[in-house]
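Asks: Could you have a look at this structure, given as structure tokens, before my questions?
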Ligand SMILES: Nc1ncnc2c1ncn2[C@@H]1O[C@H](COP(=O)(O)OP(=O)(O)OP(=O)(O)O)[C@@H](O)[C@H]1O
């Protein structure tokens, strides 16, 4: 008997066994030692006995090999799960010391015996493999037959061809399916339910295709714009398919909203979230168990069950009910809303979404539908991979059985009118402008005002409420109950405007949102698209207005400076905000095709390609009037700004945007910070202020207004002439400006030589100075007291832009609101927006009470709605008895004293 010992691959158990064996076979360590001594002896004897010499040499080399450190020499088969049947000693084992006592013939016999044993073992494996292969081939044939039958069944039921389910029809079979067609037998049923349950007359975009593919049990991906109507694509088919559709959605607010709507429509819908009470949870589980056991008639089944991804990832109880439903054939479909969250490459990755890969693994028969508004190709690819879904096939020409059926709808929404308005630097005036805008354009209509900070939301909501626009606050610190209450009241029309941070909106479904205002620009153009897309979900016209001032860019820059691509994305939205000539749709299309690799065609419609202007955004309207803006060469002004930046750097200082504007324009007390160094360092160590002689440094002051200079600075920033540098303190990050990579192209020249410059000229588009004109007449409501949504259409053709300012505003700092003026509007109209109707009364005449604008104190006389308990104060509306608001002076109303034409757009070639 041979014993092998290779220290580097026997594990401790093997080693124990080995010792046991040596004991039982009575060859303990003494015998092993004697083996060694034999070797030694043999070595000596080898001089006369060749045979023994061979053994000695082999043993010796083996000993050396055994002693070598390194990877295990255990045969592969013993390392994996498959183990050889034979328990004999490993065939690759080396010669043991005890073996060395055997002579050549014995050893040969021993090896031959072992080889024969392994050969017979291999033969038995071959035999088993042959049997398995036979069974596999049989099952493959059966599968093929069943697939043929399935295809024939589809052909028969979908197209009325194919003859019989065995596929022996007389008519030719179709190869592909157009899910968007009416060919499917269930289409009449779908359309009936569409109208009866959802009150919707016609399908939109690719809804019918997605519904058909769902009923047909296919895996589906549907990319539709925000508000495009994605929910219907799974809610409607769920009513036709037996069993329960599980919807995985990221936000409790969204889930509540959906369940509420469905229940209102009489659909059996439930949710299992952290907000579901224990009793309700137990009752839902009991219902699901009964469904799984086949004890619930189809009409009383839970048709849609909403859960958060965390539940799929973490709740054992939930997973075990899924198992039961699956076993009982009651799992109809998984729907993954906001599916881009699955991918780390997506813009709002959620770690718990990753765990959704278990769905296909554990429930392979259950189809999956993935929904998203923005899912660029590489994100989509990642999502499919993670969810273990097959590659996509076009929903209009889909293979019968293979692939994930893909639908996409244009991202461009014709009913949204985009517009950027200048935002006054004073927050009180900015608020006033918004109040005026809402009262003039959207009085009594529902809207959202997106703000950058929680504080902003509260101030804006208070300001709006004080002016008769009933508003609520929604941000991360508002409690769940308050959020829900606000949402409910807003949906019911009791609250008109929600002032919110980005915490509000993911999937918020209110159809008649007529306007979305941005109090500050968003951090990215993608985010702006999403947020503004919450307007006009009912398909009627709605306005998306961004209030922009360049200073906000600096504020945002400090917030995104640590984000991946934060700065690049911010520059994209700045370009959007600064542009006054290019169609907003075209900017979206170009930007998205670049940043998200979304194909340009996503912005095309049946009648217009992506690069054809929409014809109804502010820039398209402006383009119709050649005299509404002018182009100006500002190469010299850009050179001056860059010279100032250079000089500040030479002095060891740093400039903020507003420093730079003041220094370059030579206004007031223009200074910059010198921090702990530089030629102008003072005696102490702390901060010192520096100034410059702008005539000496930049050959004079920049002859642009403050607003124009700020716009020009942003243009220089996004085009690389300027760059940002950040300085973080314990409390904040400050943003300073420095020379950018392109700066030297200009600054290396003298001012005189700039005239000879043929390349790199910098040209800005300025909104032309318009003669002062009074604000347009307020919109007159219809009999319901509501203005018609269709008025927005009329607005598309209005092109006059006017700006006004109260007398008491500091002229230089104010970029007045661009008020649209109907050409036939009376110039004599009072510019003061009409007052709000007194609350809890019949609407009063619009000019009876002027609004209070820009106040930031809480008015003690503001009453609280009975239902509002626990709400943010800004949910309050003005009390009838509250003191009348201060009416602006007559003169201010009559005489607009300041007009600014300070929007610039830069191009450099
Ligand atoms: N075919 C239709 N005709 C009219 N209205 C529709 C139609 N389909 C959906 N809607 C309405 O459009 C609104 C938006 O639908 P939905 O909530 O499904 O959008 P969404 O694509 O899920 O948007 P988001 O990405 O923001 O969640 C809803 O009020 C819905 O009732």
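The values are calculated or read from the model by the stated rules, or taken from the named source; none is laboratory data. All figures in this text were calculated on a predicted structure; none of them were measured in a lab. We place every Cβ from the backbone using ideal geometry, glycine too, and count neighbours over all the protein chains shown.
Asks: Give the residues of the stretch 192-231 that are away from the ligand (no atom under 14 Å from the Cβ), touching a strand residue (DSSP E or B) at 6+ places or on another chain (Cβ under 7 Å) and part of a loop (DSSP other than H, G, I, E, B), sorted by residue number.
Replies: Scanning the stretch 192-231 gives 218, 219.
Asks: While we're looking at this one, here's another question. For the structure I just gave you, tell me whether residue 289 is surrounded by fewer than 20 Cβ atoms within 10 Å (Cβ to Cβ) and within 16 Å of the ligand (Cβ to nearest atom). Spell out the reasoning first.
Replies: Working: surrounded by fewer than 20 Cβ atoms within 10 Å (Cβ to Cβ): yes; within 16 Å of the ligand (Cβ to nearest atom): no.
No: the conditions fail for residue 289.
Asks: While we're looking at this one, here's another question. Looking at residue 382, is it within 27 Å of residue 603 (Cβ to Cβ) and in contact (Cβ under 8 Å) with a residue 40 or more places away in the chain?
Replies: yes
Asks: Hey, any hits in the stretch 232-242 for a residue that's modelled with pLDDT of 95 or more, away from the ligand (no atom under 16 Å from the Cβ), surrounded by 16 or more Cβ atoms within 10 Å (Cβ to Cβ) and not in a helix (DSSP H, G or I)?
Replies: no
Asks: Counting only residues that are free of Cβ contacts under 8 Å to residues at least 60 places away in the same chain and either over 20 Å from residue 487 (Cβ atoms) or within 12 Å of the ligand (Cβ to nearest atom) (or both), how many does the stretch 243-277 have?
Replies: Of the residues in the stretch 243-277, 4 are free of Cβ contacts under 8 Å to residues at least 60 places away in the same chain and either over 20 Å from residue 487 (Cβ atoms) or within 12 Å of the ligand (Cβ to nearest atom) (or both).
Rundown of residues vs (1) modelled with pLDDT of 80 or more; (2) farther than 30 Å from residue 558 by Cα; (3) in contact with a helix residue (DSSP H, G or I) (Cβ under 9 Å, 6 or more places away or on another chain), yes/no style:
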residue: 727; (1), (2), (3): yes, no, no
residue: 734; (1), (2), (3): yes, no, yes
residue: 745; (1), (2), (3): yes, no, no
residue: 751; (1), (2), (3): yes, yes, yes
residue: 754; (1), (2), (3): yes, yes, yes
residue: 758; (1), (2), (3): no, yes, no
residue: 763; (1), (2), (3): yes, no, yes
residue: 766; (1), (2), (3): no, no, yes
residue: 771; (1), (2), (3): no, yes, no
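Asks: Just one of (1) under 23 Å from the mean Cα position of the chain (by Cα); (2) surrounded by fewer than 21 Cβ atoms within 10 Å (Cβ to Cβ) trips up residue 489, so point out which.
Replies: Residue 489 satisfies every listed condition except (1).
Asks: Inside the stretch 165-191, can you point out the residues that are modelled with pLDDT of 90 or more and in contact with a strand residue (DSSP E or B) (Cβ under 7 Å, 6 or more places away or on another chain)?
Replies: The one that is modelled with pLDDT of 90 or more and in contact with a strand residue (DSSP E or B) (Cβ under 7 Å, 6 or more places away or on another chain): 179.
Asks: Further, regarding this structure: Please go through the stretch 181-192 and pick out each residue that is surrounded by fewer than 21 Cβ atoms within 10 Å (Cβ to Cβ) and farther than 14 Å from residue 396 by Cα.
Replies: If the condition is that a residue be surrounded by fewer than 21 Cβ atoms within 10 Å (Cβ to Cβ) and farther than 14 Å from residue 396 by Cα, then 185, 186, 187, 188, 189, 191, 192 are the ones that fit.
Asks: Can you tell me which residue among 366, 405, 358 is in contact with a helix residue (DSSP H, G or I) (Cβ under 8 Å, 6 or more places away or on another chain), buried (at least 20 other Cβ atoms within 10 Å of the Cβ) and within 30 Å of residue 282 (Cα to Cα)?
Replies: Among 366, 405, 358, only 366 is in contact with a helix residue (DSSP H, G or I) (Cβ under 8 Å, 6 or more places away or on another chain), buried (at least 20 other Cβ atoms within 10 Å of the Cβ) and within 30 Å of residue 282 (Cα to Cα).
Asks: How many residues are surrounded by 14 or more Cβ atoms within 10 Å (Cβ to Cβ) and under 23 Å from residue 351 (Cα atoms) when one looks only at the stretch 259-286?
Replies: 5
Asks: I would also like to ask the following. Taking the conditions exactly as written (out of contact with any helix residue (DSSP H, G or I) (no Cβ under 6 Å at 6 or more places or on another chain) and at positive phi), does residue 447 satisfy them or not?
Replies: no
Asks: Also: So residue 455 clears everything in (1) more than 30 Å from residue 623 (Cβ to Cβ); (2) crowded, with 24+ Cβ neighbours inside 10 Å except one condition, right? Which one?
Replies: (2)
Asks: Moving on. When the residues of the stretch 372-386 are narrowed to those that are in contact with a helix residue (DSSP H, G or I) (Cβ under 6 Å, 6 or more places away or on another chain) and closer than 14 Å to residue 404 by Cβ, which ends up farthest from the ligand (Cβ to nearest atom)?
Replies: Of everything passing the filter in the stretch 372-386, 386 is farthest from the ligand (Cβ to nearest atom).
Asks: Hey, another quick one. Can you pull out the residues in the stretch 508-526 that are within 15 Å of the ligand (Cβ to nearest atom) and in contact (Cβ under 8 Å) with a residue 40 or more places away in the chain?
Replies: Result: 508, 509, 510, 512, 513, 514, 516, 526.
Asks: Cβ-Cβ below 7 Å, separation at least six or inter-chain, first residue in the stretch 740-760 and over 17 Å from residue 722 (Cβ atoms), second at pLDDT below 85 and surrounded by fewer than 10 Cβ atoms within 10 Å (Cβ to Cβ): which pairs?
Replies: Pairs found: 759/909.
Asks: Please indicate, with yes or no, whether at least one residue in the stretch 550-570 is within 25 Å of residue 223 (Cα to Cα), surrounded by fewer than 23 Cβ atoms within 10 Å (Cβ to Cβ) and within 16 Å of the ligand (Cβ to nearest atom).
Replies: No, there is no match, as no residue in the stretch 550-570 is within 25 Å of residue 223 (Cα to Cα), surrounded by fewer than 23 Cβ atoms within 10 Å (Cβ to Cβ) and within 16 Å of the ligand (Cβ to nearest atom).
Asks: Please give the strands (runs of 3 or more DSSP E) falling wholly within the stretch 434-543 in which 2 or more residues are closer than 25 Å to residue 228 by Cβ.
Replies: 446-450, 497-500, 513-518
Asks: Same structure again: Can you name the condition, by its number, that residue 686 falls short on among (1) at pLDDT 90 or above; (2) under 18 Å from residue 648 (Cα atoms)?
Replies: Residue 686 satisfies all of (1) at pLDDT 90 or above; (2) under 18 Å from residue 648 (Cα atoms) except (1).
Asks: Right, here's the next one. State whether the residues of the stretch 296-304 include one that is within 14 Å of the ligand (Cβ to nearest atom) and in contact (Cβ under 8 Å) with a residue 40 or more places away in the chain.
Replies: So far as the stretch 296-304 goes, yes, one or more of its residues are within 14 Å of the ligand (Cβ to nearest atom) and in contact (Cβ under 8 Å) with a residue 40 or more places away in the chain.
Asks: Here are some conditions: (1) surrounded by 20 or more Cβ atoms within 10 Å (Cβ to Cβ); (2) more than 22 Å from residue 273 (Cβ to Cβ). Residue 511 meets all but one. Which one does it not meet?
Replies: Checking residue 511 against (1) surrounded by 20 or more Cβ atoms within 10 Å (Cβ to Cβ); (2) more than 22 Å from residue 273 (Cβ to Cβ), the one that fails is (1).
Asks: Please find, within the stretch 366-387, the residue that is nearest to the chain's Cα centre (by Cα) out of those that are modelled with pLDDT of 95 or more and in a loop (DSSP other than H, G, I, E, B).
Replies: Only one residue fits best here, namely 367.
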